[in-house]
C-alpha cells in the first residue's frame, strides 16, 4: 500500500517514542515511519507519527511550538529530574507563598539558557548524556538557549503544582522542574507530563495505539491519516501550473511570478491541490529550487 501522511498518536506512559513508531510500522506495513519530536518514556500525549514520504518533513515538525501539562513535585529533587530517579535533595515547601511562586515562575518565561538533564539523549563527544551518567563519568552539560512562550500555574496543592507550558524546540520540562526547585530552595522534580499539542496536532484529536492498530486491521486507515502538508502548514503556499509544475515535478529550478515575494521556503501545489514540492529561493539566480519533491502515489 502507498501510505503517506501523519498520524496524531496519543502515546501512553511507558514505551519510548521509537517503540511507539515501531508498533505503527508493524501494524501499517509501511517501511518508512518516523516521528515529529521525541517524547520521554514516562511522558504521555501527542506524538505525530510520519509515514512514507511524510518522513522527509520531520525537520520542519521539530520547529513547531509544543504545549505540556506538567505536575511538579516540590520538596524532592532527583538525579534524573523526574519521578524515576534517585533522590538527591529534600526540602520543605510548606512556607512557599503564591507571590513567591509566581515571582519565581516569571524567571522562566521568554528566552533563557538551560542545561539538559544528565539522563537525556543529548550527545556530548559522540555519546548520549544518559550513557555518561550511567557510567558515572563526569561530563560538562551543554548549555542551550530555549524559549518559553507561556508558563501558567493552573493548580497548586501543598507539595505539588501543575503547570501549563508552551515552549519552543529543545526545551526540557524536566530541567524546568529541577531549576524551579533550585530557585525556590526546596528542590523539585517532574512527577508527570502530558504533551497536549504539537503545532496543529492536539490531544483532543489524538488516537491510542489500539485505535491506530484497529484502523489498519479494518482498512479504515485513510480516515485517521492527516495530509503530510500539515507538517509545513506555516509555509506560504503557491500554486504552480504548466511548465512551472513540470519543472517542480522533475526537481528543476523554476521561475515564479513577480507577485510571489521571495522567502526562504514555499510549498508548491498543483492546480488540483496536490502537494508537489518544497521550494527554496535562490537569491543569486532569482529562481526557486525544489529541495524536496513528493512523487505522486495514486
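Scanning the range 6-53 for residues that are touching a strand residue (DSSP E or B) at 6+ places or on another chain (Cβ under 6 Å), within 24 Å of residue 296 (Cβ to Cβ) and buried (at least 19 other Cβ atoms within 10 Å of the Cβ) returns 6, 7, 24, 30, 33, 34, 36, 48, 49, 50, 51.
Does residue 222 qualify as being touching a helix residue (DSSP H, G or I) at 6+ places or on another chain (Cβ under 7 Å) and either surrounded by fewer than 17 Cβ atoms within 10 Å (Cβ to Cβ) or at pLDDT below 95 (or both)? Taking the combined requirement at face value, the residue does not satisfy it. Condition check: over 21 Å from residue 230 (Cα atoms) and either crowded, with 17+ Cβ neighbours inside 10 Å or out of contact with any helix residue (DSSP H, G or I) (no Cβ under 8 Å at 6 or more places or on another chain) (or both). Does residue 290 satisfy that? Considered against the rule, which asks whether it is over 21 Å from residue 230 (Cα atoms) and either crowded, with 17+ Cβ neighbours inside 10 Å or out of contact with any helix residue (DSSP H, G or I) (no Cβ under 8 Å at 6 or more places or on another chain) (or both), residue 290 comes out as no. The residues in the range 159-180 that are surrounded by 19 or more Cβ atoms within 10 Å (Cβ to Cβ), touching a strand residue (DSSP E or B) at 6+ places or on another chain (Cβ under 6 Å) and either on the phi > 0 side of the Ramachandran plot or part of a helix (DSSP H, G or I) (or both) can be counted, and the count is 5. Within the range 221-260, can you find the residues that are assigned to a loop (DSSP other than H, G, I, E, B) and at positive phi? Of everything in the range 221-260, just one residue is assigned to a loop (DSSP other than H, G, I, E, B) and at positive phi, namely 251.
As a summary of the residue check, residue 142 satisfies the conditions (1) farther than 21 Å from residue 18 by Cα; (2) not in a loop (DSSP other than H, G, I, E, B) except for the one numbered (2).
Just to verify a result, which residue in the range 181-201, among those that are closer than 20 Å to residue 92 by Cα and assigned to a loop (DSSP other than H, G, I, E, B), is nearest to the chain's Cα centre (by Cα)?
Of the residues in the range 181-201, the ones closer than 20 Å to residue 92 by Cα are 181-191.
With the extra rule that they be assigned to a loop (DSSP other than H, G, I, E, B), the set shrinks to 185-187.
On the way: 185: 31, 186: 30, 187: 27 Å.
Among them, the one singled out is 187.
Residue 56: without any contact (Cβ under 8 Å) to a residue 24 or more places away in the chain, touching a strand residue (DSSP E or B) at 6+ places or on another chain (Cβ under 8 Å), outside any loop (DSSP other than H, G, I, E, B) and assigned by TED's automatic domain parsing to the domain that holds residue 205, yes or no? Judged against the criteria, residue 56 is not a match. Set side by side, the residues 87, 72, 46 differ, and just one is at pLDDT 95 or above and outside the structural domain of residue 190 (by TED's automatic domain parsing), which is 46.
The values are calculated or read from the model by the stated rules, or taken from the named source; none is laboratory data. Since we're looking at a predicted model, the values are computed, not measured. Positions of Cβ are backbone-derived with ideal geometry, glycine not excepted, and every protein chain shown enters the neighbour counts.
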